[in-house]
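Written out below as structure tokens is the structure these notes cover.
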Amino acid sequence: MCTKLNKVVGIFASRVRMFHSSAHACGMFHESHPKSGYQGPEKPGKEHIREGLGMLKEEIKLWKKEMQDKFDMDIPMIRPGIPDKIWGFNSKSDLDLWTVSSDADHGEGFSTSRLHLGPNETGLFEGNLTTKVPESGNVKTAGYCGIRSMRARKSFKRDTYWDWTTYTHLVMKVRGDGRPYFINIGSAGFFDIWWNDMYQFVLYTRGGPHWQYSKIPFSKFFLSSKGRVQDKQFVLPLNFVSSLGIAVGDKACGPFRLEIDWIGLEFDPGHVEDFAYELYATDKFVTAH
């Protein structure tokens, strides 16, 4: 009990973000689910048991690997200027680590997208973006597609975080269509007000036949929640990274195409910037819309 309490206190002490300004999602102040109303229907208990038994073998394998890594204590060697590849996009098993979504999935638009292996054995994120708004009246704007990595987890579906504190940059090898894409680093916190915390920056693609190596400092990422940039900014907590995503929503209707070879991390000893934006001193529990 004390260990769990200390963990909660540690998370709270390192991530005091107070209230967020965000779009109205429901009539309650409290968020009852991490997906904020976008979760699917609740499955019966028997189905949960059936699925759990089917996962048991793989979860035990993952637990054994965790124990082996713990006792091996193999400390990663960080090499300045040399990227460490975290995600590859060169096989179906690599792509299975990502989820694809669009506004059409929830009846909030008509955009479509998919992630599949291209002819060059690289990940191909493509689809069609449209800003046409459904006549249901539930939303005022539309036009969104994205992919996101699976939540950082331990065995038996226990949530955890990736620790990227030894790195300074996000690096990726991509080939785009000239559109700007958003890079989203999830940092879901312990309390419901932090479930939708995300740090974002723009990935500018050149278009054309050539690959580009994009190197983005973590200090450039800014805090947003539920699609709104927060007035009170905080430095990206690199020891609390829960997911990584790429999204397109530039309101330019038409097809899009982003080819991804790999995504990695890099340590640049010459980069000393902590945060690229001003941290305004505001009263606690005060924010502006």
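Rg/Rh for the range 91-175 (Cα atoms only, Rh after Kirkwood) is 1.06. Per-residue extension of 0.36 nm, minus the Cα-Cα distance of K61 and K157, leaves a gain of 33.3 nm for this segment. Full extension of the segment from K251 to E51, taken as 0.36 nm per residue of separation minus the current Cα-Cα distance, would add 68.1 nm. If R0 equals 41 Å, the separation of the Cβ atoms of H106 and M73 corresponds to a calculated FRET efficiency of about 0.40. Give, rounded to the nearest 20 debye, the magnitude of the charge dipole that the range 83-266 has about its Cα centre when Lys and Arg contribute +1 at Cβ and Asp and Glu contribute -1 at Cβ. Taking the Cα centre of the range 83-266 as origin, the dipole is about 140 debye. Qualifying GluC sites (Glu not before Pro) in the range 65-156, where qualification requires a DSSP coil assignment and no more than 14 other C-beta atoms within 10 Å, comprise E121, E135. The value for the range 119-164 of Rg(Cα) / (2.2 N^0.38 Å) is 1.85. So how far, in whole Å, is the C-alpha centre of the range 93-145 from the one of the range 220-289? The range 93-145 and the range 220-289 have Cα centres separated by 21 Å.
No value in this document is a laboratory result; all are computed from the given coordinates. Just so we're clear, the structure is a prediction, and the values are computed from it rather than from any experiment. All Cβ positions, glycine included, derive from the backbone under ideal geometry; neighbour counts span all protein chains shown.
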